[in-house]
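Please read the structure below before turning to the comments.
Derivation of every value follows stated rules applied to the coordinates shown; laboratory data play no part. Here the structure is a predicted model, which is why all the values come from computation and not from measurement. Every residue, glycine among them, receives a Cβ derived from its backbone with ideal geometry; neighbour counts consider all protein chains shown.
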């Protein structure tokens, strides 16, 4: 039987996500001795998050935003694969969007969190980033036009929210959107509740995105053991 690779695709680490309860050390330790082969860190990239970071200029602000991701990467180097992602929120709604294929360079270049969703979507797609609406059927979320999305998070494992995953899956089927899954990890009790399984081990954000959205080889959802 060929090797498969399990990745967490929705996770948060303090302090970049102020809702996260896991320090860099706690976060890294959870993955170190786990069934996961890798993790995509999707800290909140929002106007509120960025405004809260006290820095003299945009570069320094992004340096601070990326610091937990870089520290986890350093702790897990050679043991687990750590990939950059983001959970973005824009000026025109409270919706959350998981960004696949996002790069450090793009975060430094453009403050797209301060755009409307439509403006950001055009920019992100032009830069090879895929947009997945996270938990679109939670309370206070507004489902966006499927024409502006590349996928839908159809399984969100967070135990403190009703994400109505069954409705999200039906919506993805109806409009032919790519499906993703993740734990929405914020604290220890969330760990291991979701992810995706790959036939090869992606090493970068771009590689991971192409495996999911290029669909040249089969990937599958992992709905956890809880």
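Tabulated data for the structure shown
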read-out	value
Antiparallel %, DSSP beta bridges [both residues in the chain], to 5	45
Potential lengthening between residue 108 and residue 166 on full extension [0.36 nm per residue; Cα-Cα distance subtracted]	17.2 nm
Potential extension, residue 189-residue 2 segment - 0.36 nm per residue separation minus Cα distance	64.3 nm
Förster radius 22 Å - calculated FRET efficiency between residue 127 and residue 58 (Cβ-Cβ, nearest 0.05)	0.80
At R0 = 30 Å, FRET efficiency that the Cβ-Cβ distance of residue 26 and residue 145 yields, to 0.05	0.20
D (Stokes-Einstein, µm²/s), Kirkwood Cα radius, segment 61-188, 0.890 mPa s at 25 °C	157
